[in-house]
Amino acid sequence: MGGLGPGVTVTPHPGNAAARPAEENTGRTAGPETDGTTPPPSSPATAEELPDPAARLLPHRPVWAAAGLGLGVALASDPEARPAGPAEEAAAAVMPPRRRREFLAGRLAARRALRAVGLDCGEIPRAGRLPVFPPGRAASITHSAGVAVAVARAPGRDTPLGCDLELRPLPARAARLVLREDEEELLRTPGPGAAPWSVTSLFSAKEAAWKALHTGPRALPAGALRTLRDLRAQPLAHGLRIGARADPALAVHVDVVAVGAGVFSTVLGWAGRRRPAADL
């Protein structure tokens, strides 16, 4: 595959040539249950209350609900995107305005996603760049172009968590940062809808898988994956199977849906044989 060429910028992973979001998202928990003094905002009632592209996600909620996932969506302009407690307020205070709005929208989306699975949640502090949820709560957060989306796991489920929203399409020449030669056929294989898989959709799907494979009780050890090219994507009847090349049996099923010119990817569950927790 050819080089990126001038004018193409991709923010790297730490020690990695493929892009990562500004904040990792995890289901790990730390510290005591929050006091819940700030009640979670109510979820939007209808698609008409959300402008595109957010509204385009709502029809897909039944598929994700069947996998034990709740969906939450918030806009950076949402008046309810405000700190839910002192930890969020302190974190937001040191951020540039745009990043602050995204951060608070992401927290609002996470609370809405948790509420969709019957769980209330107060503020969501962070450790480094990672959100820290109270015990019994877990969610993955992503944002792009002023839209924040989160998926939360329902109580009693072990669904691996990972999601990614990409509303700004990547150029075709960025494929070398995402794919290896044995995956290039995907660019000619029908994906969401009738169109072939795009670089953006494959990048987003691998981002969601990366998050899922790095969090939770079956998480890969730190450093097991260096770049998105260390993950292999293979087509399924619906979505993609994405696994670690070093351990092909450890893989997740990723659903990818079109959102305007962009895509949203969600991990629906494990694909193939699960690695025993004792081996991790």
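The values are calculated or read from the model by the stated rules, or taken from the named source; none is laboratory data. It should be emphasised that the depicted structure is a prediction, and the values quoted were computed from it without experimental measurement. Reconstructed Cβ throughout: ideal geometry from the backbone, glycine too, with neighbour counts over all protein chains shown. Calculation scope for accessible area: heavy atoms of the full protein, side chains included, ligands and nucleic acids excluded. Shrake-Rupley method; radii C 1.70, N 1.55, O 1.52, S 1.80 Å.
Structure data summary
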{"item": "Net dipole in debye of the stretch 128-237 [+1 Lys, Arg Cβ; -1 Asp, Glu Cβ; about Cα centre; nearest 20]", "result": "320 debye"}
{"item": "Peptides ranked, highest mean first, by Cβ atoms within 10 Å: ranges 144-150, 204-210, 64-70", "result": "204-210, 144-150, 64-70"}
{"item": "Cα pair count fraction exceeding 25 Å, expressed as % - the stretch 166-280", "result": "17 percent"}
{"item": "Order by protection proxy (mean Cβ within 10 Å, highest first), peptides 168-178, 127-137, 111-121", "result": "111-121, 168-178, 127-137"}
{"item": "The stretch 129-184: radius of gyration over Cα atoms, expressed as a fraction of 2.2 N^0.38 Å", "result": "1.53"}
{"item": "Volume per residue that the Cα convex hull of the stretch 49-194 spans, once the total is divided by residue count, Å³", "result": "154 Å³"}
{"item": "List GLU102, GLU89, ordered by accessible area with a 1.4 Å probe, largest first", "result": "GLU89, GLU102"}
